[in-house]
Amino acid sequence: AVPRTRILATGGASHNKMILQVLSDVFNAPVYTIDTANSACLGSAYRAIHGLVAERNVSLADVVKSAPELRLAVTPTSGAEEV
């Protein structure tokens, strides 16, 4: 089952496990990364494609099916939500 909240980290900081762990602990959510160049603009690109095909009733979920595979980088530290 996919958790309700997920964080997708992109860019240079996404290569730093310590930063990703802080994000995961603060938001109590798993953090995923993708191995794609220029990944920070992916969301905008998929929304633009969705806008182009919207009149054909294509869902955003269908548009992003071709997205790169997400890789689980870190999960929240046990007990972090209590801090």
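Some notes on this structure:
- Sum of -39500 (n - 2.57) over DSSP H runs of 4+, divided by residues of the chain (222 nm, nearest 500): -9000 deg cm²/dmol
- Were the residues from A48 through R6 laid out at 0.36 nm apart, the gain over their Cα-Cα distance would be 12.9 nm.
- Assuming charge only on the beta carbon of Lys and Arg (+1) and of Asp and Glu (-1), the dipole of the chain about its Cα centre is about 180 debye to the nearest 20.
- Between 0 and 90°, nearest 10: helix 17-27 axis offset from the chain longest Cα axis: 80
- Mean Cα-pair separation over length for the stretch 7-74, i.e. relative contact order, pairs under 8 Å, 6 or more apart, %: 41
- Taking all protein chains into account, the per residue accessible area for the chain stands at 73 Å² (1.4 Å probe).
The values are calculated or read from the model by the stated rules, or taken from the named source; none is laboratory data. Quick caveat: nothing in here was measured; it's all calculated off a predicted structure. Because the Cβ atoms are built from the backbone with ideal geometry, glycine has one as well, and the counts that use them run over all protein chains shown. Quick note on the areas: whole protein, heavy atoms, side chains included, nothing else; ligands and nucleic acids left out. Shrake-Rupley method; radii C 1.70, N 1.55, O 1.52, S 1.80 Å.
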